[in-house]
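Reviewing the structure listed below.
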Amino acid sequence: MDRSGAQRFGCGTLETMADPFTFSAGLRAGLTRGELRSRRLNREIHSVRSDSHDLKLADRCRMLALRIPDDAFFSHVTAALLLGLPLPWTLEHSPTIDVGAPPPSRALHSRGVRGHELDVTAADVVVRSGIRLTSAARTWCDLAATLSLPDAVAAGDYVIHRQLPLASIADLRAMSRRFVGRRGARIIRAALLLLNDRSESRPESILRVVIVLGGLPAPLINHTIVDTETGKAVRPDFTFAASKTILEYQGDYHRSKAQWRKDMSRRAKLEAKGWKVLELNWDDLQDPDELVARIRALLTR
């Protein structure tokens, strides 16, 4: 298939046009104008058609890619979501698609599209699953102008995660030098000092930022504790070894009865060994000052 979505068919039918395609490509493949205007086809992108109405973001980007210039690419929030970066709910559910274009091309603007004129190098743009988008390091720096410090740290933690890193901390530092003096530079500079490749969720990253900015001792992140008597190991979210204190973030995953019972037993065993355990959830993160005071009191108890 070429970039317009045209295929060489013996005859054109809706069933054979599986991938997104332009209106003109459909005509060339043998579809009638009536078929191309049929409600059976997705027509949310002007002059582009798809036989699916339940489109994920990547599918919408593939449709839009048939309309944008060859040198354009997806950037900012859209690139972050395509890469899997954790973002605030409002950004994760934004219907707007971010499209970048290098000068002298002008930023694209149309319904549902937010255009950006971006100076990029060849390394700044990558192809994933057939979609052109900004690299993880470039995407993270571009996002800094719109994210809070905790959310920038959460996104950066995901990028450099030790198991499946999308970029290294060195890559982020190198990219950050190109953003000196730009919007978001202050957030980038502060976030780089707080990134940790062991964080396993956005709330964990945000909680760590609250702890550090609150002046509390730096905890061990997802550090394995081995029971010297039984040899069994546990891996709490946050461990303050000096005061034998553990913080556990309980997300929605912990709501099932089976997980709740498992968590209760684990906490009881840790407390029996002399550990102080504080379980936290999303609501606790909404008042950082109160949370820091509560943690500090527990550490000094």
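The values are calculated or read from the model by the stated rules, or taken from the named source; none is laboratory data. Note that the coordinates shown come from a computational prediction; the quantities given were computed from them, not determined experimentally. FYI the Cβ positions are ideal-geometry reconstructions off the backbone, even for glycines, and counts take in every protein chain you see.
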**Item:** Residues located in segment 18-38, provided they are polar (S, T, N, Q) and assigned to a loop (DSSP other than H, G, I, E, B)
**Value:** T32, S38
**Complete:** Among the residues of segment 148-182, the number that are without any contact (Cβ under 8 Å) to a residue 60 or more places away in the chain, under 20 Å from F74 (Cα atoms) and within 14 Å of the chain's Cα centre (by Cα) is 3
**Residue that is surrounded by the fewest Cβ atoms within 10 Å (Cβ to Cβ) [pool: residues in segment 65-78 that are within 13 Å of S94 (Cα to Cα) and more than 9 Å from the chain's Cα centre (by Cα)]** = H76
**Request:** Could you check W89 against (1) among the aromatic types (F, W, Y); (2) closer than 30 Å to L285 by Cβ; (3) not assigned by TED's automatic domain parsing to the domain that holds G130 and say which number it fails?
**Result:** (3)
**Fill in**
Here the residues within segment 45-56 that are free of Cβ contacts under 8 Å to residues at least 40 places away in the same chain and surrounded by fewer than 20 Cβ atoms within 10 Å (Cβ to Cβ) are S47, D51, S52, H53, D54, L55, K56
**Item:** Residue among D71, D54 that is assigned to a loop (DSSP other than H, G, I, E, B) and modelled with pLDDT of 90 or more
**Value:** D71
**Message:** Going by what's in this entry, would I188 be described as touching a Cys at 6+ places or on another chain (Cβ under 7 Å), within 16 Å of L85 (Cβ to Cβ), surrounded by 20 or more Cβ atoms within 10 Å (Cβ to Cβ) and among the hydrophobic types (A, V, I, L, M, F, W, C)?
**Reply:** yes
**Request:** Those residues that are surrounded by 23 or more Cβ atoms within 10 Å (Cβ to Cβ) and either more than 24 Å from L164 (Cβ to Cβ) or not assigned by TED's automatic domain parsing to the domain that holds A170 (or both), I need them from segment 97-149; list them, please.
**Result:** I97, V99, G100
**Prompt:** Where residues in segment 226-259 are loosely packed, with under 12 Cβ neighbours inside 10 Å and hydrophobic (A, V, I, L, M, F, W, C), which of them is modelled with the lowest pLDDT?
**Reply:** V226
